[in-house]
Every structure is written in C-alpha cells, then in structure tokens.
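Reviewing the structure listed below.
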Amino acid sequence: MSMVTKQSRRNMTKSQLEQATTSSGHFVRGFTGTAAMWLVASTRRYVPVWTGVPHERISDAMYAQLPVAQHHGVPIVSAIDALGPFPTTKLQAWFNQTWYEGDKIHPSQRGHVLLADLVFDYLKMAYEHTRLLQMYDLPKDYIPRQSLFLSQDILDLFLDQTPTTISLTHMPDIVKRFVTPCRGWCAYDDVPEKIGFISNEAGTSCVLSLQPAEVSGLGVGKARVLMYKSYENMGVFKMTVVQGRAGLNGTCEGAYDPNAPVLGSMIVDSMWKERASLAEVAVMQFKLPPASDRSACLLVHLYVVEANPKRLKNKVKLLGISFF
C-alpha cells in the first residue's frame, strides 16, 4: 500500500518539539513523507512500441505488471504512460534513442531523471491529498485503492507510546509468559497459514504475565487485543488484568489471590452476523499500577466463558495483545 506516515514524538529533539507545538500547547504532527509504490521503469521493446491502439498494451511491461499491483493494492507509476503513446515513427525513434541508450532495455541517465520526477510528483500528490483533500478520492488511474486514515487516538498510541506486545502466534514465546500451565489453549493454524492462540471449549483459562520492567514503560492504561471474529463456531472471550508482585525467581505472583487489585476487565463475543472471518481489535481500559511501585507486574487472565444461550462450539482465537 502507499503510505505517507506521520512523525513520532519519541525521537524528536527538544527544538523539534518546540517547533511542532502551538502557542496554546497543541502538538501538530507533521508528515515524514515516507511512501511506497510500484515503479515501472522499463518496457518490452522487442515488439512495436505502443502507438495508442489499446490492444498493443499487452506488449509492454506496465500492462503485464498492473494486475500484480492491483492485487496488492499498490499505486503504480509508469514511465511509458508518462511519455507515451507514440503514434508516429518520429516519436518512436525519439523514445528509443532518448529513453534507451545502453542495453536497449533499461532507462538511460536521462530516463532515471524522469523516473525521479515521477516519484516526487506522486509523493506530492499523496501528501497534498492526505493533508488537504481527504474528502475527495485520488485519481483512479493506476491507484487501485483509496487512502485509509488512522484515527488520532491510534496515531498517538503507536507513534508516541512504547507498548509492550504479547505475540500469540508462536508457542515457545507464549510459554515464557505462562504463570501456570494453560490447559485447553494452544498456538496452531486451524486454517492453513493463519496461526493463533486458540481455545475451543468454554471454561478454559490461561494466565500470562508482564514483568515490572515492561509495566514501568506503560503510560496510558489501554490494551488492544487482536482477535478473530467469525459467523459460526465462535465463543465468548473474557480478559481480566490483575496487579501482581514480582517474586524472587522472576515470576509474577498473585494470580489466584482474591485480594489482588483488579485493574480492568472486558468481555467480547467473537461471533458476529457478518458472513466473513476477519481479525478485529477489541480495546480495554485498565488502571495502571502506581509509578512508584517498581515491583508491580501484570497478570493477564484469558478465559472462554459460557455463552447465553449455550453454544455447541466456543472457539476463541487470539493473535496478540498490545499494552500501552
């Protein structure tokens, strides 16, 4: 996809922060200009050059590569489309002599200058659209998908905060966070190449931990759980975050202490009416432990709870949890 990304406050100098802050104290996030695109720099020259007749497009590389770019949703910048078509023999000779001067396949030095101009023109268009014209669609020529804009809340979290993420797609990494053995939960691909941390039965539970060093870096008190939702065979997921205390051997103690402070909890039904199976984010607010408590750890309780009315199948599939 094409991207024009925004600045992060994490790596900005004091001077840069001052320049990006208004007199009222409002932070104005600028753009980095980072972008991605498909750049078509060459064409097949062993057949007649494109004269403008539609069926002749099958002879050049842009036409051959366009379906791949469309499949991946990547904007495509084509040199031959910027220069052509070439309906006369004079224009065809100019194209061959000016664009190809060496191996008859790749652009000459002048050609690379043109490619740079095309790249900057696209970046300028994408930037201006993102900055000023979000309500209008971009030109549809070779731009298969329109821009998607992240909410300010998500930008602030991922650009300015330092999250702790529990990846739930690799069992050895998950086991390292086990407080006690998790029965009924396992990371595997129930669908080919789509791995997740899965439980298929109501009543199963698992407790994972965040160590004090990870907890001390949190500053918001928000958890984002990436989980699958589908229209059949799914169950109800519950997550509760409890404050624990670091043990002498590096463990997080207090998982089953009835007096341990509960910092937050949520229940999410992973079955919906849409006839699709997609990864969705569920957001939970939780209270952060006191900053002065350097021994505080987090105990993350994962449950599959009984649906009401009861269901024959109760699958919950998690992909990861990010804590802010």
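The values are calculated or read from the model by the stated rules, or taken from the named source; none is laboratory data. Here the structure is a predicted model, which is why all the values come from computation and not from measurement. Cβ atoms come from the backbone with ideal geometry, glycine included; neighbour counts cover every protein chain shown.
Checking VAL300, VAL268 one by one, the residue that is surrounded by fewer than 19 Cβ atoms within 10 Å (Cβ to Cβ), part of a strand (DSSP E or B) and of a type outside the set (Phe, Trp, Tyr) is VAL268 and no other. Looking across the stretch 286-310 at every residue that is among the basic types (Lys, Arg) and out of contact with any strand residue (DSSP E or B) (no Cβ under 8 Å at 6 or more places or on another chain), the one that is nearest to ARG183 (Cα to Cα) is identified as LYS310. Taken together, the residues in the stretch 188-241 that are over 21 Å from LYS273 (Cβ atoms), in a loop (DSSP other than H, G, I, E, B) and not aliphatic (A, V, I, L, M) amount to 10.
This table checks each residue for (1) more than 27 Å from ASN200 (Cα to Cα); (2) touching a residue at least 12 places away in the same chain (Cβ under 8 Å); (3) surrounded by fewer than 13 Cβ atoms within 10 Å (Cβ to Cβ); (4) assigned by TED's automatic domain parsing to the domain that holds VAL215.
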| site | (1), (2), (3), (4) |
| --- | --- |
| GLN243 | yes, yes, no, yes |
| GLY264 | no, yes, no, yes |
| LEU278 | no, yes, yes, yes |
| ALA291 | yes, yes, yes, yes |
| ARG294 | yes, yes, yes, yes |
| LYS315 | no, yes, no, yes |
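Considering only the stretch 1-27, state which residues are among the β-branched types (Val, Ile, Thr) and modelled with pLDDT of 80 or more.
Of all residues in the stretch 1-27, those among the β-branched types (Val, Ile, Thr) come to 4-5, 13, 21-22.
Result: THR13, THR21, THR22.
Scanning the stretch 53-95 for residues that are out of contact with any Phe, Trp or Tyr (no Cβ under 8 Å at 6 or more places or on another chain), farther than 25 Å from ALA126 by Cα and modelled with pLDDT under 75 gives VAL53, PRO54, HIS55, ILE58.
For GLY221, indicate whether it is more than 25 Å from the chain's Cα centre (by Cα) and either touching a residue at least 12 places away in the same chain (Cβ under 8 Å) or farther than 28 Å from PRO290 by Cα (or both). Outline the logic, then answer.
Working: more than 25 Å from the chain's Cα centre (by Cα): no; either touching a residue at least 12 places away in the same chain (Cβ under 8 Å) or farther than 28 Å from PRO290 by Cα (or both): yes.
Criteria not met by GLY221.
Do the conditions hold for ASP153, that is, is it within 25 Å of ARG9 (Cα to Cα), of a type in the set (Asp, Glu) and at pLDDT 75 or above? Here the answer is yes, as ASP153 does meet what is asked.
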